[in-house]
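Throughout, read-outs are computed from the coordinates displayed, never taken from laboratory work. In this text, all values refer to a predicted model and were calculated from it rather than measured experimentally. Neighbour counts are summed over all protein chains in view; Cβ atoms, including those assigned to glycine, are modelled from backbone coordinates with ideal geometry.
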Amino acid sequence: MTAANQPSAREAFVSAAPRLGFVGGFDGMRGIGVVIVLLGHIFPEQTDSFNPIVDVFFVISAFLIVSLLMQERRQNGAIDLRRFYTRRALRLLPNSYACMLAWLLIYGLVKVSGITLDGDGLEQVNAIPGNVAAAATYMYHLVYPIGGRSGPLVQFWSLALEEQFYLVVGFAAVVVLAVKRRVWVVSAVMVALIVWIGWSRWNVDLGPWPGKEYKLDIWTRGLRLLWMARPDALLIGVLLAFGNARLPDPLSPRAKRIITWSGTIGAVIAGLVLISSLEVLHKRGFGFWVPGIPRDESQVANVNGEMWCAVELGAPHRPCTDELWIFRWGFSVMGLAIAPLTLCFARCKDAWISRVFSLRWFRKVGEMSYSLYVWHLLAFVLVAIVTDGMGTLPSAVLKLAAAFGVSWLAHRYIDRAVLGMKLRFSSESVVLDRRTGQEVDASEFTDKK
């Protein structure tokens, strides 16, 4: 299916929003977010409240993709699915598959060289083939779910969920946008799903699989823990795109003030979530602190058909609902808080908070955020091998430097190359060149006649 024929314009849902163009706040937010991810993986036991940062990426990605699909349909009267999925494949697959290949090379070198490993190192190396298989098929979040046993390619859980979302959203957009009524019906269903998933997590029912017990058998663990992957954040992004499509253009001064203030409040709430489980603040008597996520399987027990949790190793198990564990509420709050900030970036680009997030260095890091996210754990592992026994701070600095170095190479020689190729499959007459941040005439690149 290359292009979708649509019913009459009178029946179809047509976006009233202006073209997105270049949104500096998105790149800046990605830049800040990916640095938080890196710090969270360097200091995992001290930064549990950094985990909800991934919800930010989900909301922005879903908002951006759905907005662009509506933009394309408004201009062309149809959505070219072949071009859409080609663009997605070019954007995501080369970099991620190159990283998987690098992990397989490490696995092969260890096995061929006869390097002796034991304990966690041996377990992680032996897990590489299975992790690569799960990542390559974009099933990682189901095979190695968040809340279960993680492996060396753990960052691919979120990429797997996003890829499955992209697989569905193109076809869904063709069907749903064809008739206005379908948009309202689908929106109502998504609201119900967001409420259900959030309520389930609050009650420590972590997936759609029946029952609340914590079990890690390979056949059911992905569904038992699916809500830990936060698909509701993607739904929030879709709803936000639908809402933005109904806002008039241009916005009134009053509407801009409301959106700016809402985005500012959302940013403050998101910031509070991010510091709510930081160990460094807890040790200094920070007034509000909540337990993060159980790090060891021994901290979780099944009692009377439900999960009980221990706040720390050796502590007594109590019903998980007795504590404000961040996984119960933090993901939901982060997704809802970041939505108005995302809207502010898109519609109020001159607002002070949009300008702050659009600062040059935030954007520069954001431009290579995908490479950083994909490659940083491999860089961390290599540094850990070289710096075994070094102090925490020197090792952390070297890990960050290595992650940026490796990721810069991947961004320079993989990402930027495919970003240029993506332009050949543009579906609009004017398109954003991600390499320069400028909108250009698509006829210079496309293979259209």
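For this structure, a couple of remarks:
- Fewest-first sequence of Ser371, Ser187 by Cβ atoms within 10 Å of each Cβ: Ser187, Ser371
- Two-site FRET efficiency, Glu297 against Val175, from Cβ-Cβ distance with R₀ of 45 Å, rounded to 0.05: 0.60
- Computed FRET value (nearest 0.05) for Phe22 with Ser150, which takes r as the C-beta separation and R₀ as 35 Å: 0.45
- Region 279-381 shape via C-alpha gyration tensor axes, a/c threshold 1.5: prolate
- GNM top mover of Ile218, Ile265, Ile60 - the chain, alpha-carbon springs below 10 Å: Ile218
- In terms of surrounding Cβ atoms within a 10 Å radius of their Cβ, Ile42, Ile53 rank from fewest to most as Ile42, Ile53.
- The distance linking region 252-316 with region 331-382 is 20 Å (Cα centroid to Cα centroid, whole angstrom).
- Ala78-Trp219 FRET efficiency (beta carbon distance; Förster radius 35 Å; 0.05 resolution): 0.30
- Among Ala241, Ala136, Ala403, residue whose mean-square fluctuation peaks in a GNM of the chain (springs only between Cα atoms under 10 Å): Ala136
- Cα-based shape type of region 1-108, given that a ≥ b ≥ c are square roots of the gyration tensor eigenvalues and the cut on a/c is 1.5: oblate
- Of all the options Arg318, Arg416, Arg284, the one that moves most in a Gaussian network model of the chain with Cα springs shorter than 10 angstrom is Arg284.
- Linear extension gain, Arg284 paired with Lys256, 0.36 nm per residue minus alpha-carbon span: 6.1 nm
- The ranking of His376, His282 from fewest to most other beta carbons within 10 Å of each one's beta carbon is His282, His376.
- Modelled label positions at Arg318 and Thr137, each set 7 Å beyond Cα in the direction of Cβ, lie 4.2 nm from each other.
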